[in-house]
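Novice: Please find one structure pasted underneath; my questions will follow.
Please treat every number below as a calculation from the coordinates, not as lab data. Since the structure is predicted, the reported quantities are computational estimates derived from the model, not experimental observations. Ideal geometry is used to build each Cβ from the backbone, glycine not excepted, and the neighbour counts take in all protein chains shown.
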Amino acid sequence: MSKDPVFTMLLFFAFLCQSVCGFVHPPTNISVDCHNFVNMLYWNYSKPAETLKFIVMVKPYVRDSQTVETSQTHLNISEYTSDPADNYVVTVTAHDGQEKSGYVTTEFTYSHDFYNADTHKCSVDFPDVNMSVHKDVIEVSFLHPYYFYKLDILKEDFLYKVTHDQQESTNECFDDEELCTAEIHLNQSFAGQCIELQFVAMIAGIPTNTYRNVCISHMPVESDKTSYIMAVVGVVVVLLFIAGGFVWILCKKWSRIPQIPKNLRNFVTPPRSATADNQPDEPALSSATAEGHTPLLEPYESPIISSVEKDSSTVIIPTDTQVEVDHNTSTLSEGDVKFEEPEDYSKSSDYDSPKFLLEMSPGEITHGYGPRPPVL
């Protein structure tokens with residue numbers, strides 16, 4: 001079988017180039033996995049040899065590049081990409097001794113400021129969210145990203161937005177607050193349903209987001225305090241009305257019960273002892289004096305007259321009219337002494353007596369009332 005001389009020449013030159021030039025194939029399928037500030041670089045190589053090495057060069061956007069050599073087809077470059085706000089370009093080259101292959105490259109960043117079509121976007125998880133449902137309010141709380149990831153670049157204000165049912169609420173959490181909190185108000189129509197809460201936030205130019213599903217159970221309707229008080233007052237009023245009617249019925253029935261006879265009541269009830277406290281009060285009668293009449297004369301007792309009284313010139317006569325007798329005057333005329341006679345002399349009683357002049361000397365005693373005029 002004849003051979004083509006052209007084909008034979010091509011095989012000869014290929015074997016010669018591989019032996020002399022030392023041809024090395026470049027890596028393939030380079031990729032980066034960057035998540036929560038942990039950055040892993042991966043690539044493939046078809047025929048790795050024992051003497052084959054890979055050179056990895058990391059070039060930041062604002063800093064100097066760094067080179068790392070490895071025999072593996074993956075590499076953790078987190079320590080060479082410690083600034084999450086920067087943009088990184090990574091290249092991988094294979095070499096075997098002095099021979100080098102061509103390089104492959106990739107670009108990635110965490111910062112929203114460097115996003116473009118050729119850049120791989122790294123992701124950061126939103127801090128763990130704790131939720132509790134209270135009637136029509138959902139309370140959420142989570143750690144500030146600085147306290148969650150322990151990176152100094154995250155020591156900034158944390159702006160986040162919560163979206164549910166096409167309603168948004170924007171909140172802010174400062175770097176000196178370890179725990180961030182927020183309240184999400186819900187409508188009563190969500191009772192018994194499950195809703196989705198979306199969290200979108202930004203810190204140091206690094207975006208982060210997450211979502212949570214929460215189910216709202218049927219909350220018992222709390223009664224209004226005013227209506228509760230009114231209900232209690234109404235119940236109390238009704239009970240008082242019923243009690244009043246019951247008392248009225250008892251009083252009416254009690255009034256129809258016949259009274260206990262007096263003899264039986266005295267028999268049942270022991271007699272009370274007569275004491276000074278329960279003795280009947282005697283009416284106090286005042287003395288009455290008849291008008292127009294002279295009170296009766298009391299029996300006259302002869303006073304004992306001393307020698308001094310005998311020498312006195314004035315004597316008091318116990319009659320209806322006191323008459324002073326002056327012994328220095330020898331005689332008194334009837335006109336010198338005036339008697340008061342009653343207006344109706346004819347109607348005087350037996351007790352009345354006319355007033356008359358009586359001459360007495362010291363030491364004498366009168367007896368009787370003297371002669372009385374005839375009664376007409």
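Novice: Using 7 Å Cα-to-Cβ label points, what is the residue 196/residue 254 separation (nm, one decimal)?
Specialist: Computed distance between label sites residue 196 and residue 254 equals 7.7 nm.
Novice: Still on this structure, I have one more. By how many nm would the segment from residue 38 to residue 233 lengthen if fully extended, with 0.36 nm per residue of separation less the alpha-carbon distance?
Specialist: Computed gain between residue 38 and residue 233 is 63.4 nm.
Novice: If I take all pairs of Cα atoms in region 17-163, what percentage of them are more than 20 Å from each other?
Specialist: Distances greater than 20 Å cover 58 percent of the Cα pairs.
Novice: Magnitude of the Cβ-charge dipole of region 111-150, K/R +1 and D/E -1, about the Cα centre, nearest 20 debye?
Specialist: 80
Novice: A further question on this structure: Can you tell me which of 64-70, 50-56 comes out highest on packing, and rank the rest after it, using the mean Cβ neighbours within 10 Å?
Specialist: Highest to lowest by the protection proxy: 50-56, 64-70.
Novice: What shape does region 93-145 take by its C-alpha gyration tensor, where a ≥ b ≥ c are the square roots of the eigenvalues and a/c under 1.5 counts as rounded, a/b above b/c as prolate, and the rest as oblate?
Specialist: Because a/c hits 1.5 or more and a/b exceeds b/c, region 93-145 counts as prolate.
Novice: What spacing in nm lies between the two simple spin-label points modelled at residue 119 and residue 361, each 7 Å away from Cα in the Cβ direction?
Specialist: It works out to 16.8 nm between the two label points.
Novice: Starting from the Cα-Cα distance between residue 55 and residue 179, subtract it from 0.36 nm times their residue separation and give me the gain in nm to one decimal.
Specialist: Here the answer is 40.3 nm.
Novice: Nearest 0.05, what FRET efficiency do residue 147 and residue 29 give at R0 = 22 Å with Cβ-Cβ as r?
Specialist: The value I calculate is 0.05.
Novice: If you count, for each residue, the other Cβ atoms within 10 Å and average over each peptide, how do 237-250, 137-150, 161-174, 34-47 line up from highest to lowest?
Specialist: Most protected by this proxy first, the peptides run 137-150, 34-47, 161-174, 237-250.
Novice: At 7 Å along the Cα-to-beta-carbon direction for both residue 165 and residue 247, put a label point, then send me their distance in nm to one decimal.
Specialist: Placing both labels 7 Å along Cα→Cβ, they lie 5.5 nm apart.
Novice: If I take every Cα pair under 8 Å that is 6 or more residues apart in region 89-238, average their sequence separation and divide by the length, what percent do I get for the relative contact order?
Specialist: Normalised by residue count, the contact order of region 89-238 is 19 percent.
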